[in-house]
Amino acid sequence: MASYSTNEFRGGLKIMLDSDPYVIVENEFVKPGKGQAFNRVRVRNLKTGRVVEKTFKSGESVEAADVHETRLQYLYNDGELWYFMDPESYEQLSADAAAMGETVSWIKEQDMCNVTLWNGSPLNVDPPNFVVLAVTETDPGLKGDTSGGGGKPATLETGAVVRVPLFVQTGELIKVDTRSGEYVARAKDG
Amino acid sequence: MLKARAYLLGRIREFFAAAGVMEVETPIASRAAASDPALNSLRTRWSGAEAGPQTLYLQTSPELPMKRLLAAGSGPIFQICKVFRDGERGSLHHPEFSLLEWYRPGLGYRALMTEVAELVRHALDRPELAVRRISYRELFRTHLGLDPMHADVATLRQAADGLPGCRDLDLDRDGWLDLLLTHRIEPALARDRLTFVYDYPPSQATLARIRRDAEPVAERFELYLGGMELANGFQELTDPGEQRRRFDADLQARSARGLDRLPLDEAFLTALEAGMPEAAGVALGLDRLLMVATGSTHIDQTLAFPVERA
């Protein structure tokens with residue numbers, strides 16, 4: 001099993017702690033003038049997202065987490081799992097609801113997603129930063145209002161609800177920033 | 001920043017010129033390595049040695065050759081030099097850093113503390129900077145309500161209980177003391193004040209003389225400015241027999257930790273045997289002092305080029 005010495009610690013390194021995969025957010029080397037050196041780190045649990053602090057004796061080794069990122073294409077959802085495909089190897093992988101999180105409200109079939117794999121299984125699925133989705137339901141806007149001020153809720157084809165300007169109509173395509181969940185612009189084409 | 005460094009170096013040299021302390025230089029690369037198990041020397045190779053290529057170790061401090069000069073009758077000396085410590089990297093650590101080290105034959109370590117405070121005030125142009133002196137024992141009593149000379153590992157572990165992510169550490173007594181010092185006490189030290197911590201547990205003497213009182217203590221001090229450690233000083237050990245025992249204990253500790261066996265500085269031991277005058281000495285991290293002078297939060301801000309871009 002691969003491992004890392006505390007000397008190799010840096011932000012972004014993936015390690016195993018208490019049987020869970022973590023990513024190092026911040027690493028600080030602490031050493032009294034003469035004596036025991038420590039690495040004081042802040043780590044994020046890749047399953048729960050929770051950030052905790054942990055101190056290691058410098059020189060200790062920690063098991064590496066077999067975590068890496070890849071781009072996979074979303075295929076379909078069978079009601080329980082979401083299926084993805086590696087576009088190069090055609091290998092298929094499934095992600096559960098915990099790995100999908102809020103991503104389910106943003107993606108459509110064929111979308112390319114950044115997927116974090118842990119021991120070969122999806123641990124976390126991120127949607128593309130921008131998606132184009134059809135508005136399936138929104139109140140009719142006031143005629144002639146193009147200011148975009150105020151806004152109204154709109155339900156999208158994936159089920160997500162975003163605030164859109166008053167001029168956006170049911171059936172139109174819009175571009176959304178999935179990181180903030182905010183409307184960006186009207187789109188011509190999916 | 002370059003100007004601030006040049007100015008700081010000028011102030012320091014000015015201080016020692018006025019105090020009658022002579023500037024010296026000693027070798028950076030040496031056949032002997034630091035024995036301290038907490039330090040790791042960088043090494044390099046000298047291909048010109050008569051007996052064939054030889055490993056040379058980059059100094060972790062100029063302490064031993066400077067003591068050889070004291071033994072040779074140099075009188076009071078100071079040195080500004082680069083020192084190297086492998087594996088040390090962080091916001092207060094850089095594997096290569098600038099050290100100011102000086103020795104005062106005939107002076108006690110308590111008197112040296114006074115001179116250190118004067119130097120720092122002079123170098124920073126801050127004559128008003130407040131000074132507090134507190135023994136290591138009193139420091140732990142005040143901040144943590146425990147006696148660092150006698151508390152057992154269980155008590156020390158208990159005192160660290162409130163610290164997140166420290167429960168599983170496997171440390172010896174000194175390791176727990178170091179943890180409590182770095183994680184609990186240092187952040188609580190008064191900002192913008194010089195704090196001298198003195199009289200350490202004998203187990204943390206390194207090269208300081210041990211005073212055999214009813215409660216033996218190592219005649220060692222550390223200087224903090226705010227929560228940042230700036231300097232470490234000793235009433236220097238001058239007894240060659242005791243020195244050799246400590247080196248041997250270091251080597252044993254190193255081999256117990258699976259570290260390399262390293263060549264000791266025999267020339268230094270010979271100099272001690274010939275007789276080194278009683279002296280107090282101190283080493284002060286110049287990059288950190290420059291951090292204070294310039295309000296920097298990371299040591300890299302004080303360097304022309306940090307190691308990753310060197």
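The values are calculated or read from the model by the stated rules, or taken from the named source; none is laboratory data. Predicted model only: the values in this text are computed from it and were never measured. Ideal geometry is used to build each Cβ from the backbone, glycine not excepted, and the neighbour counts take in all protein chains shown.
Considering every residue within the stretch A:69-78, establish whether at least one is surrounded by fewer than 16 Cβ atoms within 10 Å (Cβ to Cβ) and among the hydroxyl-bearing types (Ser, Thr, Tyr).
Within the stretch A:69-78 (the criterion being surrounded by fewer than 16 Cβ atoms within 10 Å (Cβ to Cβ) and among the hydroxyl-bearing types (Ser, Thr, Tyr)), the answer is yes, since at least one residue qualifies.
Filter the stretch B:258-268 down to the residues that are among the hydrophobic types (A, V, I, L, M, F, W, C) and surrounded by 17 or more Cβ atoms within 10 Å (Cβ to Cβ), then identify the one that is modelled with the highest pLDDT.
Filtering first and then ranking leaves B:PHE268.
Based on this model, can you work out whether A:ALA185 counts as surrounded by fewer than 18 Cβ atoms within 10 Å (Cβ to Cβ) and without any contact (Cβ under 8 Å) to a residue 40 or more places away in the chain? Before you say what the answer is, go through the steps one by one.
Working: surrounded by fewer than 18 Cβ atoms within 10 Å (Cβ to Cβ): yes; without any contact (Cβ under 8 Å) to a residue 40 or more places away in the chain: yes.
Criteria met by A:ALA185.
Looking for whichever is more than 14 Å from chain B (Cβ to nearest Cβ), at pLDDT 90 or above, surrounded by 15 or more Cβ atoms within 10 Å (Cβ to Cβ) and under 30 Å from B:LEU39 (Cβ atoms) here; the options are A:ALA95, A:ALA64. Which one fits?
Working: A:ALA95 fails: under 30 Å from B:LEU39 (Cβ atoms).
Unique residue meeting the criteria: A:ALA64.
For a quick check of your reading of the model, give me the residue pairs whose first member lies in the stretch B:124-135 and is under 19 Å from B:GLU14 (Cα atoms), whose second is among the charged types (D, E, K, R) and exposed (fewer than 14 other Cβ atoms within 10 Å of the Cβ), with beta-carbon atoms closer than 7 Å and at least 6 apart or on different chains.
So the pair list comes out empty.
Can you find a residue that is basic (Lys, Arg), in contact (Cβ under 8 Å) with a residue 12 or more places away in the chain, surrounded by fewer than 20 Cβ atoms within 10 Å (Cβ to Cβ) and farther than 16 Å from B:LEU99 by Cα anywhere in the stretch B:293-309?
Scanning the stretch B:293-309, I find no residue that is basic (Lys, Arg), in contact (Cβ under 8 Å) with a residue 12 or more places away in the chain, surrounded by fewer than 20 Cβ atoms within 10 Å (Cβ to Cβ) and farther than 16 Å from B:LEU99 by Cα, so the answer is no.
Filter the stretch A:98-110 for residues that are of a type outside the set (Gly, Ala, Ser) and surrounded by fewer than 18 Cβ atoms within 10 Å (Cβ to Cβ) and give the result.
In the first step, residues of the stretch A:98-110 are kept if they are of a type outside the set (Gly, Ala, Ser); the result is A:100, A:102-104, A:106-110.
Once the filter is applied, which keeps residues that are of a type outside the set (Gly, Ala, Ser) and surrounded by fewer than 18 Cβ atoms within 10 Å (Cβ to Cβ), the stretch A:98-110 yields A:GLU102, A:VAL104, A:LYS108, A:GLU109, A:GLN110.
When residues of the stretch A:8-57 are filtered for being of a type in the set (Lys, Arg), crowded, with 21+ Cβ neighbours inside 10 Å and under 30 Å from A:GLU102 (Cβ atoms), how many remain?
So the answer is 1.
Could you please find all residues in the stretch A:21-61 being within 12 Å of chain B (Cβ to nearest Cβ), aliphatic (A, V, I, L, M) and assigned to a strand (DSSP E or B)?
A:VAL30, A:VAL41, A:VAL43, A:VAL51, A:VAL52
Residue by residue through the stretch B:62-87, note down the ones that are surrounded by fewer than 21 Cβ atoms within 10 Å (Cβ to Cβ) and either within 14 Å of another protein chain (Cβ to nearest Cβ) or assigned to a loop (DSSP other than H, G, I, E, B) (or both).
B:ALA72, B:GLY73, B:SER74, B:GLY75, B:PRO76, B:ASP86, B:GLY87
Suppose we filter B:ARG167, B:ARG173 for residues that are among the basic types (Lys, Arg), within 13 Å of chain A (Cβ to nearest Cβ) and without any contact (Cβ under 8 Å) to a residue 24 or more places away in the chain; which single one remains?
Going through B:ARG167, B:ARG173 in turn, the sole match is B:ARG167.
Which residue is surrounded by the most Cβ atoms within 10 Å (Cβ to Cβ), if the candidates are limited to the stretch B:188-220 and must be among the small types (Gly, Ala, Ser) and part of a loop (DSSP other than H, G, I, E, B)?
Selected residue: B:ALA205.
Among (1) surrounded by fewer than 21 Cβ atoms within 10 Å (Cβ to Cβ); (2) assigned to a helix (DSSP H, G or I), there is one condition B:ARG288 misses while meeting the rest; what is its number?
Looking at each condition in turn, B:ARG288 falls short on (1).
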